[in-house]
1. Taking region 103-116 on its own, how many of its residues are closer than 26 Å to residue 1 by Cβ and either surrounded by fewer than 15 Cβ atoms within 10 Å (Cβ to Cβ) or at pLDDT below 95 (or both)?
2. Of everything in region 128-165, what is assigned to a loop (DSSP other than H, G, I, E, B), within 14 Å of residue 183 (Cα to Cα) and in contact with a helix residue (DSSP H, G or I) (Cβ under 6 Å, 6 or more places away or on another chain)? Give them in sequence order.
3. Mind checking whether some residue in region 35-45 is assigned to a loop (DSSP other than H, G, I, E, B) and under 22 Å from residue 163 (Cα atoms)?
4. Of the residues 154, 70, 177, 163, which is out of contact with any strand residue (DSSP E or B) (no Cβ under 9 Å at 6 or more places or on another chain) and either more than 30 Å from residue 50 (Cα to Cα) or modelled with pLDDT under 95 (or both)?
């Protein structure tokens with residue numbers, strides 16, 4: 001089954017104030033028996049005003065000056081996202097993410113800034129929700145937090161490149177695949 005993994009890196013926690021810096025898109029074919037990466041894209045967005053929370057940049061390690069060298073304005077970024085979705089026929093493909101509500105809120109804000117309508121599918125799965133369901137079923141220890149780092153560690157997935165949108169997509173895909181095996 002195909003799934004679109006999405007992750008964002010941002011300048012802070014408020015989609016109404018802070019900005020989306022990068023968007024990772026990863027198309028996977030996943031079943032309990034396999035995980036294949038079919039397509040990927042990493043989009044960098046340039047803004048006139050970033051409203052930066054220094055803690056956010058400390059976490060994601062983004063240097064704004066370097067970022068701006070290969071970033072594009074919101075309208076072009078939105079076009080690239082929609083092109084990826086169209087090119088891969090993903091208009092009806094469910095989205096998977098870790099804390100997907102966060103990413104969806106920032107993407108909605110980005111599409112408003114870019115004055116573009118997103119063509120994402122409405123159906124989504126959140127690895128946090130799946131993790132908590134597995135904890136309720138006592139398949140996963142209940143004391144483990146639902147951070148992506150904890151999930152990666154639990155499933156012995158390399159978390160070293162975390163806090164990069166595309167790298168986080170790949171980690172999320174692996175976590176999702178491992179959780180499918182437990183359902």
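The values are calculated or read from the model by the stated rules, or taken from the named source; none is laboratory data. None of the values given here were measured: they were computed from a predicted structure. Cβ placement follows ideal geometry from the backbone for every residue including glycine, while neighbour counts extend to all protein chains displayed.
1. 1
2. Across region 128-165, the qualifying residues are 139, 140.
3. no
4. 154
Yes or no, residue by residue, for (1) assigned to a strand (DSSP E or B); (2) over 24 Å from residue 173 (Cα atoms); (3) in contact (Cβ under 8 Å) with a residue 60 or more places away in the chain:
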{"site": "5", "(1), (2), (3)": "yes, no, yes"}
{"site": "9", "(1), (2), (3)": "yes, no, yes"}
{"site": "17", "(1), (2), (3)": "no, yes, no"}
{"site": "48", "(1), (2), (3)": "no, yes, no"}
{"site": "52", "(1), (2), (3)": "no, yes, no"}
{"site": "56", "(1), (2), (3)": "no, no, no"}
{"site": "82", "(1), (2), (3)": "no, no, no"}
{"site": "86", "(1), (2), (3)": "no, no, no"}
{"site": "89", "(1), (2), (3)": "no, no, no"}
